[in-house]
1. Please find, among G64, G49, G29, the residue that is out of contact with any helix residue (DSSP H, G or I) (no Cβ under 6 Å at 6 or more places or on another chain) and modelled with pLDDT under 95.
2. Could you list, ordered by first residue, the pairs with Cβ atoms under 8 Å in which the first is in the range 47-65 and on the phi < 0 side of the Ramachandran plot and the second is of a type in the set (F, W, Y) and not in a helix (DSSP H, G or I), at least 6 apart or interchain?
3. Quick test for you: out of E92, E69, E97, E121, pick the one residue that is within 23 Å of M37 (Cβ to Cβ) and surrounded by 15 or more Cβ atoms within 10 Å (Cβ to Cβ).
4. I need the full set of residues from the range 1-23 which are more than 13 Å from R91 (Cβ to Cβ) and either modelled with pLDDT under 95 or under 17 Å from the mean Cα position of the chain (by Cα) (or both), in order please.
5. So in the range 54-66, with the set limited to residues that are under 16 Å from the mean Cα position of the chain (by Cα) and more than 11 Å from M81 (Cβ to Cβ), which one is surrounded by the fewest Cβ atoms within 10 Å (Cβ to Cβ)?
6. Inside the range 81-133, can you point out the residues that are basic (K, R) and more than 15 Å from the chain's Cα centre (by Cα)?
7. Kindly indicate which of L31, L38 is surrounded by 13 or more Cβ atoms within 10 Å (Cβ to Cβ) and over 15 Å from the mean Cα position of the chain (by Cα).
8. Taking the range 103-133, which residues are within 18 Å of V59 (Cα to Cα), outside any strand (DSSP E or B) and touching an Asp or Glu at 6+ places or on another chain (Cβ under 9 Å)?
Amino acid sequence: MELDVTDLFFQIEPADLSASRAELGDHAGALTWNASMLAGAQFVPLKDGDALDAFRTFVRASGGWDDSEIHTMSADELQAMCVQWIAGDIRESDALERFPPDWSAYQAECERGNVAGRLFEGIDGRIYFYIGD
């Protein structure tokens, strides 16, 4: 499933949503999670039940959470996790943190296996995040 994340992509500061303890100190997890909860409510990348279910499947496939943990997550928590994931993927690539994004350089990084490659620019000029296998 492709999520249109254009507004999110251009309006967030990725480091506010996804950063390490080395960058933000001992409270990095709480700071980035709180920012992600706010961004998830503002941008709502998972627009309907199908998108929420697809993201649950995506999260399960990551291996970080089991079914019981995933099913206890609220829609708001899933939205927050989704925007945090997108922010992390943006931060993986210097090519995407430029303005305008350098999609050719990003594609080359994807082909080398240096980045996950879930973000892309559609033929409509919109930015998408792919959740699937």
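1. The match here is G64.
2. Every condition considered, the pairs that remain are V59/W65.
3. Only one candidate passes the filter, namely E92.
4. M1, E2, L3, D4, V5, T6, D7, L8, F10, Q11, listed by residue number.
5. A61
6. R98, R112, R126
7. Just one listed residue meets the conditions, L31.
8. V115, A116, G117, R118, I131, G132 - these are the residues of the range 103-133 that are within 18 Å of V59 (Cα to Cα), outside any strand (DSSP E or B) and touching an Asp or Glu at 6+ places or on another chain (Cβ under 9 Å).
The values are calculated or read from the model by the stated rules, or taken from the named source; none is laboratory data. Every value quoted in this text rests on a predicted model; they were computed, and no experiment measured them. Positions of Cβ are backbone-derived with ideal geometry, glycine not excepted, and every protein chain shown enters the neighbour counts.
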